[in-house]
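The values are calculated or read from the model by the stated rules, or taken from the named source; none is laboratory data. Model, not experiment: these values are computed from the prediction. Calculation scope for accessible area: heavy atoms of the full protein, side chains included, ligands and nucleic acids excluded. Shrake-Rupley method; radii C 1.70, N 1.55, O 1.52, S 1.80 Å.
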Amino acid sequence: MEDVAPKAETRILQHRHLLGLSTYSADEIQLILSTAREFREVLERPIKRVPTLLGTTIANLFFEPSTRTRISFELAAKRLSADLINFGGSGSSLSKGESLRDTVQNIEAMKVDMVVIRHSSPGAAHFLTRCIKARVINAGDGAHEHPTQALLDLLTISERYESFSGLRVSIIGDIAHSRVARSNIFALTTLGAEVTVCGPSTLMPLHTESLGVRVVHNLDEALHGCDVAIALRIQRERLGASLVPSMREYHATYGLNGRHMAMHPDMIVLHPGPVNRGVELDDEVADHERTAILDQVINGVAVRMAVIYLLAPGADE
């Protein structure tokens with residue numbers, strides 16, 4: 001097995017944790033992307049494992065349902081030869097009344113080096129950094145941030161465009177409840193992209209313009225001149241009944257369809273998944289050759305390998 005670790009002088013992040021992307025510099029984001037490209041090559045080999053993190057123990061703490069993110073982090077740890085603990089809130093001591101602080105401190109006492117956490121409460125990952133010494137990676141905290149999703153979106157975009165500077169990206173849908181939207185806005189604007197957000201006024205946070213983006217409520221306006229469209233999942237579990245009249249009406253106004261792909265022949269489409277077919281995307285768009293959903297999935301493993309590798313204990317020495 002060949003170790004493909006980047007040269008030591010190029011692998012330093014200024015952060016000990018990945019809690020969000022609002023404080024990450026353009027250089028740090030590009031370092032993660034370049035490292036992910038190296039690991040992306042590893043994933044194409046017959047043997048998809050490197051011995052880089054032998055002896056490192058990672059705990060996956062997922063307190064919200066997840067398929068792609070949880071499996072992706074699990075695969076990333078295994079591809080790096082790390083030891084892995086998978087933990088869920090259901091059936092654990094949390095259901096017996098133990099606090100999150102006590103649970104995580106007990107897990108760390110078993111000599112865990114890194115913790116990956118998904119939690120419904122915004123700030124949960126930040127809270128852990130005050131409780132434990134292990135490195136913390138945010139796998140999604142409430143409606144706050146989902147940094148590795150944004151990074152895998154950036155990696156997917158970079159496979160088709162040489163530069164983010166001046167790239168026109170439109171994020172469409174439920175902006176108010178989307179941690180994916182926030183992380184993408186922070187990362188894309190840091191790298192110089194021109195970001196437009198589009199959705200119903202009921203799903204658009206106040207003062208969104210203060211994030212350095214353009215806000216529109218008409219889909220055709222959002223797609224005019226667009227290079228990349230990121231369609232967000234309608235989060236039915238977080239929506240009040242009055243925010244969207246119906247899923248059919250939402251699709252008619254904000255869903256991407258074949259007409260949009262024909263009108264914008266150079267535009268690519270991303271979606272963080274899971275896709276509600278017939279809501280955010282119709283079948284023609286979901287299965288279109290310029291829709292990069294499956295590329296996002298494989299890039300998610302490479303990005304999470306890069307993040308784990310760059311944040312692992314000793315990486316900043």
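Before moving on, here are some points about what is shown:
- Listed values for the stretch 112-120 are Karplus-derived 3J(HN,Hα) couplings in whole Hz (6.51 cos²θ - 1.76 cosθ + 1.60, θ = phi - 60°), namely 8, 8, 9, 10, 9, 10, 10, 8, 6, and x replaces Gly and Pro.
- For Asn60, residues with placed amide H under 5 Å, excluding near neighbours: Ile85, Asn86, Phe87, Val116
- In this structure, the amide hydrogen of Asp174, modeled 1.01 Å from its nitrogen in the peptide plane, lies closer than 5 angstrom to those of Leu232, counting only residues at least 5 positions away or on a different chain.
- Rg/Rg_ref, the stretch 110-162, where Rg_ref = 2.2 N^0.38 Å and atoms are Cα: 1.38
- To put it simply, the accessible area of the stretch 124-272 at a 1.4 Å probe is 50 percent carbon and sulfur.
- Accessible surface, the stretch 215-317, averaged per residue in Å² (probe 1.4 Å): 43
- Both numbers refer to the Cα atoms of the stretch 152-272; Rg and Dmax are 13.7, 42 Å.
- Kyte-Doolittle at least -0.5, axis length at least 30 Å by Cα - qualifying DSSP helices, the chain: none
- Aspartates and glutamates whose Cα lies under 16 Å from that of Lys111, excluding same-chain neighbours fewer than 8 positions away: Asp83, Asp102
- Summary of the geometry: the stretch 267-316 and the stretch 161-184, compared by the centres of their Cα atoms, lie 13 Å apart.
- In order along the stretch 214-222, the phi-based Karplus estimate (6.51 cos²θ - 1.76 cosθ + 1.60, θ = phi - 60°) of 3J(HN,Hα) comes to 9, 10, 9, 10, 10, 5, 4, 5, 5 Hz; Gly and Pro are listed as x.
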